[in-house]
Amino acid sequence: MEIAALTYNDKLNYNSALQIYSLYEYIKKSGEQIQIIDYNLYDINCKNYFEKNKNRLLYNFLNNNVMLTSTRYKSIEELENFPPLADKYLITNAKYEDLDPCTDRKECYAYGIKDISKAQLEHIKCNYKALSTIFDFNEEEIKEVVDPIFLLSKDEWIDFSEKSKIELKYSEYIIIYANTVTKDMLEYTNNLIKDTPFKVYIVADKVCSLIHRAKRIRNANPSDLVKLIANAQHVITSAEEGIKLGIIFEKNLHIFYNNDSEEQVEIINKYNLYDRVIDFPDKVINTQMNYMDTLKTLQKLKENSIKFLKLKTEP
């Protein structure tokens, strides 16, 4: 059985790279053949794309860790006219406007649709053999499933982290992970590490300044990021994937709101992480987390995912 998966993301970043990798690994370990559709992989054909080390690093990561289609599709029209050969097609991380490409094929499934209304859902439901949503839709036949990052277990992510060649010089440390590390994050970190032996690792595109006992990691591979979070005592983050990995490894999470991310708010609501949100940088929240309710929710949704993805692999 050959499955072709098309993952929609606004751009290639750690979140999308880890989602693609985990979906690929999960389906491959189920015994099925899977290829990821290399659909204009996040502006890869644009001028100067590879001038950014991060873009090159993440694309090379995917190229080395998942099976990409031999054709790099540059448009939806090209994908519609010359689709990769497969028995089944799986669209993930899609919004309503993304749900057209495979509707002319019978064996097409949508995993984890987001930002879709009931009217839109009714419009496209008949064109897909099965659909699921990433956040609750309150409809019996439309199951809510987990983000693809949650498809792999804690042990599987630990195995993945062992691919990292980064040396952890600190035995006790905090990681700050964000696109941009703000002054509030640094102030909060200083308050958190006060009177402790903790060192600090920082993984970010932009950092307003460095702080005492901090080491910045530049051009981290996805396996480096997973390793850094897996072994940290505390995780300070505003990134969705930072929160997800923190949940998987049951870390003490300290979350800064990202006002540009609706997904972050949904994750906080879904997994009962309200008390992990930082309101004021000078007020350190409880440093010990209780994951009982979070893990119950995660397990229930993961069971939905397993059932849905078994449907994909039925002959």
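Every number in this text was worked out from the coordinates using simple rules, so none of it is lab data. For clarity, every value in this text was computed on a predicted model and none was experimentally measured. Methodologically, a virtual Cβ is constructed for each residue, glycine included, from the backbone with ideal geometry; neighbour enumeration extends over all protein chains shown.
Tabulated data for the structure shown
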| item | result |
| --- | --- |
| Environment charge at Asn221 (Cβ cut-off 13 Å; Lys +1, Arg +1, Asp -1, Glu -1) | +4 |
| The range 253-315: chymotrypsin sites (Phe, Trp or Tyr not before Pro) in DSSP coil with no more than 13 other Cβ atoms inside 10 Å | Tyr257 |
| Two-decimal Rg/Rh across the range 85-171, once Rg and the Kirkwood Rh are taken from alpha-carbon atoms | 1.15 |
| Amide proton proximity set for Leu6, modelled H, under 5 Å, gap of 5+ | Ile37, Leu90, Ile91, Thr92 |
| Loop-located GluC sites (Glu not before Pro) in the range 225-315 whose Cβ has at most 10 other Cβ within 10 Å (DSSP) | none |
| Of Lys183/Lys206; Lys118/Lys310; Lys129/Lys296; Lys183/Lys283; Lys29/Lys154; Lys11/Lys125, those spanning more than 19 Å from alpha-carbon to alpha-carbon | Lys118/Lys310; Lys129/Lys296; Lys11/Lys125 |
| Estimated D of the range 156-296 in µm² per second, where Rh is the Kirkwood radius over Cα pairs and Stokes-Einstein applies at 10 °C, 1.306 mPa s | 105 µm²/s |
| Volume per residue that the Cα convex hull of the range 2-144 spans, once the total is divided by residue count, Å³ | 113 Å³ |
| Nearest-0.05 FRET efficiency for Lys95 and Thr71, computed from C-beta distance (R0 25 Å) | 0.55 |
| Rg(Cα) / (2.2 N^0.38 Å) computed for the range 121-174, rounded to two decimals | 1.90 |
| log10 of Debye I(q)/I(0), alpha-carbon scatterers only, for the chain at 0.07 Å⁻¹ | -0.28 |
| Partner aspartates and glutamates for Lys169 [C-alpha distance under 14 Å; skip if fewer than 8 residues away on the same chain] | Asp224 |
| Long-range HN-HN contacts of Leu152 with modeled amide H, under 5 Å | none |
| Loop-resident sites, the range 104-144, for GluC sites (Glu not before Pro), counting at most 12 other Cβ within 10 Å (DSSP) | Glu140, Glu141 |
| Principal axes of the range 154-220: Cα extent on each, largest first, Å | 34, 27, 20 |
| Footprinting exposure proxy for Ile236, Ile255, Ile124 (fewest neighbouring C-beta atoms within 10 Å first) | Ile124, Ile255, Ile236 |
| The range 246-315 versus the range 145-202: alpha-carbon centroid distance in Å | 16 Å |
| Placed amide H near Glu172: partners under 5 Å, 5+ positions off or other chain | Lys199 |
